Amino acid sequence: MPRQPLSIGTWGLIRTHEITDANGRKAYRAITNFRDFNGKLVRVERRGKTKGAARSSLQSALSERAKMGKAGTWTPSHRFSEIADEWVREIEELVRDGSRSPGTVQSYKSVLEKHVRPALGELRLAEVTTARVDTFIRKVKTDTGVPTAKLCRSVTSGVMGLAVRSGPIAVNPVREIRRIERPRQKKLARSLTVEEVELWLQAVSENERAIRKDIPDLSIFMLGTGVRIGEALALTWSEVDLSVGMVEIEWTISRITGQGLVRRPTKSEAGERSLGLPQRVRDMLSRRFDAGVKLDWPVFPDSVGGFRDPTNTLRELRKVRAEVASLEWVKSHNFRKTLATILDDAGQSARQIADHLGHSRVSMTQDGYLGRKIRNPQVVEAMDAVFGKAVEGQPDSEKGGKGVG
């Protein structure tokens, strides 16, 4: 049976020979054949005072040669960690281009370092098989949970996808692993009823902590617009037009490790949208504006007038809801769900609701022929009806226009 040829970027058996150097002293030469990136065999050798020194010198030279090769060329003998580093650089470039969210990349890098690299990092690309990946993902699911397992699968697939594009492997082994089945679905976030909206707004308007942390006005804004908390906290007065009762949602804010608070464009084009304001929200914003602002100031600032940290704000929201009887379950996402339910009950189509909430999962026909980012007046009518029932006669927060202490 003919001998199998060496793979590109690999080498054969290393042989050592005793030689005499130029000064007549005993030395050793280590020799092997390296299959270069043009497919040709090249003899490579290194010398040393001992057999071990000669072999070590040759192995270092071969490893470096395999890494260098042609720019961007990888081989089956490269380690997973090496190409993972290159994949991270590609993702970071997409962030700079605006194609990926910094928060998403932060999650990828975190799961790469905590889970994927310890499990697969030292394997050669040829050794990253479907069976090994499947075993790894199953263990993560059991030990850590479904969300982390799915992130690990995405990261591993991304790295091995780069390996496929670069040539050393033909098929991404992650594609054939078993589906990550989620256990019985947790209860999804539900919307507040009209009575619960009334109860929540009444409770936070009378709660000292909530008033101090500007929760009443933030709750009214998020209930009335359905925006995400990062979008609400990224809003500046330059994006508010009280004369026509509209806001432009173009930015979101989040905390990125190593960078601090980052205000950046919304995750997708669908996230950029114009929203009409129910009268209650419009009145609240007018009161805050009349207190004295500048156009580049955040609408919901922190205690020194800067942008608020969404993580800190969510923590304060948790503390407040713990003090509101029967509404301990309320989260910021429930406000968003509430608006979606109200619009659905009001007869809005899925397309109209998706446009208002900034969702991007729509068909090509809907994207091409239905208006995007257009103010939807029925949203205002629907929320005015709810606010009229829920907050009629409720006092405004006296401190709502101030920053968070």
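The values are calculated or read from the model by the stated rules, or taken from the named source; none is laboratory data. Being a predicted model, the structure only gives us computed values, none of them experimental. All Cβ positions, glycine included, derive from the backbone under ideal geometry; neighbour counts span all protein chains shown. To get the accessible areas, we keep the full protein, side chains included, count just its heavy atoms, and leave off ligands, DNA and RNA. Shrake-Rupley method; radii C 1.70, N 1.55, O 1.52, S 1.80 Å.
Observations, loosely collected:
- Theoretical FRET efficiency, 1/(1+(r/R0)^6), r = Cβ-Cβ of residue 23 and residue 113, R0 56 Å, to 0.05: 0.65
- Tilt relative to the chain, helix 51-68 - C-alpha long axis, 0 to 90 degrees, to 10: 50 degrees
- Among 172, 23, 334: highest mean-square fluctuation, GNM of the chain, C-alpha pairs under 10 Å: 23
- A Förster radius of 41 Å, combined with the Cβ-Cβ distance separating residue 312 from residue 123, puts the computed FRET efficiency at roughly 0.50.
- Protein-only accessible surface order, largest first, of 115, 356, 333 at 1.4 Å: 333, 115, 356
- Angle between the chain longest axis and helix 130-143 axis [Cα atoms, degrees, rounded to 10]: 40 degrees
- Gain upon complete extension [residue 248, residue 104; 0.36 nm per residue less C-alpha separation]: 49.5 nm
- For the chain, modelled as a GNM whose springs connect Cα atoms under 10 angstrom apart, the maximal fluctuation among 116, 133, 44 occurs at 44.
- When 316, 92, 269 are compared by accessible area at a 1.4 angstrom probe, the order from most to least is 269, 92, 316.
- When 148, 142 are compared by accessible area at a 1.4 angstrom probe, the order from most to least is 142, 148.
- Answer label for volume of the Cα convex hull per residue in Å³ (calculated), chosen among (1) 174; (2) 145; (3) 217: (3)
- Within the listed set 259, 348, 106, the Gaussian network model of the chain (springs between alpha-carbon atoms below 10 Å) gives the highest mean-square fluctuation for 259.
- Euclidean distance of C-alpha centroids, the stretch 211-283 and the stretch 288-328, integer Å: 11 Å
- Of 109/139; 267/331; 51/114, those spanning more than 29 Å from alpha-carbon to alpha-carbon: 51/114
- Assuming charge only on the beta carbon of Lys and Arg (+1) and of Asp and Glu (-1), the dipole of the chain about its Cα centre is about 3140 debye to the nearest 20.
- Dipole-positive endmost among 76, 33, 23 within the stretch 1-117 (Cβ charges, Cα centre): 23
- Calculated [222 nm] ellipticity per residue, helices only, for the chain: -14000 deg cm²/dmol; basis is -39500 (n - 2.57) per DSSP H run with n ≥ 4, divided by all residues, nearest 500.
- Only protein heavy atoms count here; on that basis, with a 1.4 Å probe, residue 43 has an accessible area of about 150 Å².
- Computed E for residue 346/residue 81 - FRET, C-beta separation, R0 56 angstrom, nearest 0.05: 0.55
- Taking 7 Å steps out from each Cα toward its Cβ at residue 96 and residue 290 produces label points 4.9 nm apart.
- Options 259, 199, 240, ranked by Cα towards positive dipole end of the stretch 168-265, top entry (Cβ charges): 259
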